[in-house]
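Following: one structure in structure tokens, then a few remarks.
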Amino acid sequence: MSLLIKNGRVITATDDYVADIFIEEEKVAAIGKNLTANANRIIDASGMLVMPGGVDPHVHLDMPFMGTFSSDTHETGTRAALHGGTTTVIDFVLQKQGHTLSEALAEWNSRANGTAIGDYSFHMAVTDYNESTRVEIKKMVEEEGITSFKTFMAYKGALMIDDRQMVGLMQEVKKQGGMVTVHATNGDMIDYLVAKHRAEGKLSPLYHYLSQPEVTEAEASNRFAEMIQYTGCPGYIVHMTCEGALNAIRRGTTRNKKVFVETCIQYLLLDASLYEKDFEGAKWVMSPPLREKKDQATLWAGINQGLVQVVATDHCPFKWEQKKMGEKDFSKIPNGHPAIEHRMELLYGEGVAKGKITLNKFVEVTSTNPAKIFGMFPRKGTIAVGSDADILLLDANATHKLSVSTHHMNVDYSAYEGWPLTGKVKTVLLRGQVAIENGKCLLPKGYGKFIKRSKVTSII
Ligand code: URP
Ligand code: ZN
Ligand code: ZN
């Protein structure tokens, strides 16, 4: 199967030009003006933006969490991602405390292999770092192509590791050429505040927000950055939300620390006033919580300053019935919100169309940087000869509204209901196959490939 995309405006993290793209055997085979290659199919992209497929490095599919499972499977989640122009996702494998990394990986493989429609990879979440876990790190990096190790400084009693384990893990991961990623909030402080609010009978979603003040994130981000400085291990902070945390990293850059920062689309666009909607606020109960308008301004600035390298989603959807597990107690609301489908269109509409970021920056933070940081570049994250033909055609002038009635995620509400946007994903290719066309997904269940990733030391 070969394909020729004609006359599109090709945007990468650095380029902007009109050209044709010839695709053969899953890869970009040629890029140039007036290509005459004999293709099975020609797509006229005149007037369209032609960009690399999105790479979302932070999604939770079919994940056991807080007494239930996130509601998108690898099939429904990657299909929804493709509808929104994201062709590759990185999902999280969670080690069970008292069990091995290999056992956890086998469990996730059995859920994702043969079901994912889009391409995917895994981060390994280390929730129990001990001598036997240490020995498994090398195997994950060398044999499984899993080079990033996720840690939680919060979710005490379930996922959290202490600083002793963190430093040990960093030393081993550095040795094996990987990266440590982190949910950076102070688990003990949060635990105290949750217990205090519950004891005072303060049980609505607003108290989820009030139990995780900015200082809990600023303190943990600073501590993580210091441990990265000490160990020399590359680090990555997931879902950063606020000024205090970003300032900790800003200070760290003066010492040339290797700490990458990810924010998520919701932290750029939504704020904590949503927690004042009584129990409806549960739709936005996530950790860390939404913050203030001043934090949004800091994060947009951080993107343009290069301090925030990635915009992800932390997609972790729960249906309304699941959210209602916490109707009488905010601490029982499953944490997370649905966004995998809308990251690209929201960032385009609110960022590029409104003049907050450039087109090149859009590609950089949604595709190129996550592919580079997580060892998939240049196979993923750009449009270049030899790269996978993961390509997105976006109509910059089309307008639309987001809604539960039109989205493809397996969740029965939208966190962005009625949100008007300029710019719509029209056609999506995954490894040269048309994945999305005329609003339909054309790829079968199981089309998605597991992407083994390179050592981090080779890319930074
Ligand atoms: O609320 C969130 N973020 N849920 C998913 C788990 C995590 O902390 O990333
Ligand atoms: Zn987290
Ligand atoms: Zn997450």
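The values are calculated or read from the model by the stated rules, or taken from the named source; none is laboratory data. Being a predicted model, the structure only gives us computed values, none of them experimental. Note that we place each Cβ from the backbone using ideal geometry, even for glycine, and neighbour counts take in every protein chain shown. The accessibility values were calculated without ligands, DNA or RNA, using every heavy atom of the protein model including side chains. Shrake-Rupley method; radii C 1.70, N 1.55, O 1.52, S 1.80 Å.
Please name all residue pairs, on different chains or six or more residues apart, with Cβ atoms under 6 Å, provided the first residue is in region 314-326 and is of a type outside the set (Phe, Trp, Tyr) and the second residue is open to solvent by 30 Å² or more (accessible area, probe 1.4 Å).
Between residues of region 314-326 that are of a type outside the set (Phe, Trp, Tyr) and residues that are open to solvent by 30 Å² or more (accessible area, probe 1.4 Å), the close pairs are LYS319/ASP412; MET325/LYS332; GLY326/LYS332.
List the number of the failed condition for ALA282; all other conditions in (1) hydrophobic (A, V, I, L, M, F, W, C); (2) surrounded by 24 or more Cβ atoms within 10 Å (Cβ to Cβ); (3) away from ligand 1 (no atom under 14 Å from the Cβ) hold.
Failing condition for ALA282: (3).
Only one of LEU82, LEU101 is hydrophobic (A, V, I, L, M, F, W, C), under 21 Å from SER403 (Cα atoms) and either away from ligand 1 (no atom under 13 Å from the Cβ) or crowded, with 24+ Cβ neighbours inside 10 Å (or both). Can you tell me which?
Values: LEU101 fails: under 21 Å from SER403 (Cα atoms).
Only one candidate qualifies: LEU82.
Out of region 195-238, which residues are of a type in the set (Asp, Glu) and buried (at least 20 other Cβ atoms within 10 Å of the Cβ)? Full working, then the answer.
First pass over region 195-238, keeping only residues of a type in the set (Asp, Glu): 200, 214, 217, 219, 226.
The answer is GLU217, and nothing else.
With respect to LYS401, determine if the residue is in contact (Cβ under 8 Å) with a residue 12 or more places away in the chain and under 30 Å from ALA39 (Cβ atoms).
Details: in contact (Cβ under 8 Å) with a residue 12 or more places away in the chain: yes; under 30 Å from ALA39 (Cβ atoms): no.
The answer is no for LYS401.
Which of (1) among the small types (Gly, Ala, Ser); (2) on the phi > 0 side of the Ramachandran plot; (3) touching a helix residue (DSSP H, G or I) at 6+ places or on another chain (Cβ under 7 Å) is the odd one out, the single condition ALA282 does not satisfy?
(2)
Among THR181, THR133, which is the only one that is open to solvent by less than 20 Å² (accessible area, probe 1.4 Å), hydroxyl-bearing (Ser, Thr, Tyr) and over 14 Å from PHE374 (Cα atoms)?
On the way: THR181 fails: over 14 Å from PHE374 (Cα atoms).
After ruling out the rest, the residue left standing is THR133.
Which ones in region 105-123 are of a type in the set (Ser, Thr, Tyr) and open to solvent by 10 Å² or more (accessible area, probe 1.4 Å)? Walk me through it before giving the result.
Initial filter on region 105-123 (of a type in the set (Ser, Thr, Tyr)): 110, 115, 120-121.
Selection gives SER110, THR115.
Only one of (1) open to solvent by less than 10 Å² (accessible area, probe 1.4 Å); (2) within 13 Å of ligand 1 (Cβ to nearest atom) is not met by ILE303, so which one is it?
The number of the failed condition is (2).
Sort out which residues of region 378-396 are open to solvent by 10 Å² or more (accessible area, probe 1.4 Å) and of a type in the set (S, T, N, Q), and write them in order of number.
The one that is open to solvent by 10 Å² or more (accessible area, probe 1.4 Å) and of a type in the set (S, T, N, Q): THR382.
Do we find that GLY423 is in a strand (DSSP E or B) and on the phi > 0 side of the Ramachandran plot in this structure? Write out each step before concluding.
Numbers: in a strand (DSSP E or B): yes; on the phi > 0 side of the Ramachandran plot: yes.
So GLY423 fits the description; yes.
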